[in-house]
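Below is one structure, written out as structure tokens; the observations come after it.
The values are calculated or read from the model by the stated rules, or taken from the named source; none is laboratory data. Computed from a prediction, not measured in an experiment: that's the story for all the values here. Positions of Cβ are backbone-derived with ideal geometry, glycine not excepted, and every protein chain shown enters the neighbour counts.
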Amino acid sequence: MNMKNSTMLTGSHGSMRRLEMLYCPQGGGYRRMCGFSLAEVVIALGVITVGIVAVLGVFPTSLQTGKSAQDETRAAHVAQSVIGSLAASASTHFSNAQLPLYASPSPAPSPLSINLTTNSGTTPAATLYADNDGKLFSNSTLATYVIFIYTNTAVPGFTDPASANQVTVRVAWPANAPAANQTFRDYVRIISKY
């Protein structure tokens, strides 16, 4: 090996640590390479910038998806609360099932009454509102969700229309938006007085 064509790196004490030889086809020989060229740095920064912009572009979509999932979960909790309250009072008050409303501010409002022996058809038997914590209100001032309760006495498997009701709880949000701009989910349960 010719020492003119090789580069030797030495340590701080003068001893040889390693022998580094790089072939450079443009210059027709060997040369020592110490860093990156300006073009390489600019290209690397461009690639990193494109990656960062792509990651930042995903954030709004992920935030919207997270909020949508949160609304779906809360809507299910609100519907379960309403259906549970109706089912609990149906055994003793089937023609006058009570939904307790949140007292804000006092005095506490009277409970909402729903007659489960009637068929509401396409008109809701009751309309009420709920906030993010699932508290039920009779007005939309603090509402996040609007709740429509539909009753249907033609329940499959029951011959007496006064003994069971197919209750549909429709939870829609945002509460104060026009109906065309609301997202809603229907929750259906058969409630029997027995």
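Just one of SER89, SER110 is of a type in the set (S, T, N, Q), without any contact (Cβ under 8 Å) to a residue 12 or more places away in the chain and under 15 Å from ARG189 (Cβ atoms); which is it?
From the options SER89, SER110, the qualifying one is SER89.
Do you know which residues across the stretch 66-121 are touching a strand residue (DSSP E or B) at 6+ places or on another chain (Cβ under 8 Å), part of a loop (DSSP other than H, G, I, E, B) and of a type in the set (Val, Ile, Thr)?
Correct list: THR117, THR118.
So if I check each of LEU116, LEU99, which one is surrounded by 13 or more Cβ atoms within 10 Å (Cβ to Cβ), under 29 Å from GLN70 (Cβ atoms) and in the same structural domain as PRO174 (by TED's automatic domain parsing)?
After ruling out the rest, the residue left standing is LEU99.
Scanning the stretch 150-192 for residues that are of a type in the set (Val, Ile, Thr) and assigned to a loop (DSSP other than H, G, I, E, B), which turns out modelled with the lowest pLDDT?
It comes out as THR159.
Identify, from the list ASN132, ASN139, the residue that is in contact with a helix residue (DSSP H, G or I) (Cβ under 7 Å, 6 or more places away or on another chain), assigned to a loop (DSSP other than H, G, I, E, B), under 23 Å from ALA179 (Cα atoms) and free of Cβ contacts under 8 Å to residues at least 60 places away in the same chain.
The conditions single out ASN132.
All but one of (1) at positive phi; (2) surrounded by 18 or more Cβ atoms within 10 Å (Cβ to Cβ) hold for LEU136; which doesn't?
For LEU136, the exception is condition (1).
Could you list, in sequence order, all residues of the stretch 24-41 that are among the aliphatic types (A, V, I, L, M) and either at pLDDT below 80 or loosely packed, with under 10 Cβ neighbours inside 10 Å (or both)?
The answer is MET33, LEU38, ALA39.
Which residues, counting only those in the stretch 113-129, are within 17 Å of ASP186 (Cα to Cα) and either aliphatic (A, V, I, L, M) or in contact (Cβ under 8 Å) with a residue 60 or more places away in the chain (or both)?
ALA125, ALA126, LEU128
Restricting attention to the stretch 151-166, does a residue exist that is among the aliphatic types (A, V, I, L, M) and under 25 Å from TYR102 (Cα atoms)?
No, because not a single residue in the stretch 151-166 is among the aliphatic types (A, V, I, L, M) and under 25 Å from TYR102 (Cα atoms).
Give me a count of the residues in the stretch 142-181 that are touching a residue at least 24 places away in the same chain (Cβ under 8 Å), farther than 18 Å from SER113 by Cα and of a type in the set (S, T, N, Q).
Of the residues in that region, 2 qualify.
So for the stretch 44-60 (the condition being hydroxyl-bearing (Ser, Thr, Tyr) and at pLDDT 90 or above), does at least one residue qualify?
yes
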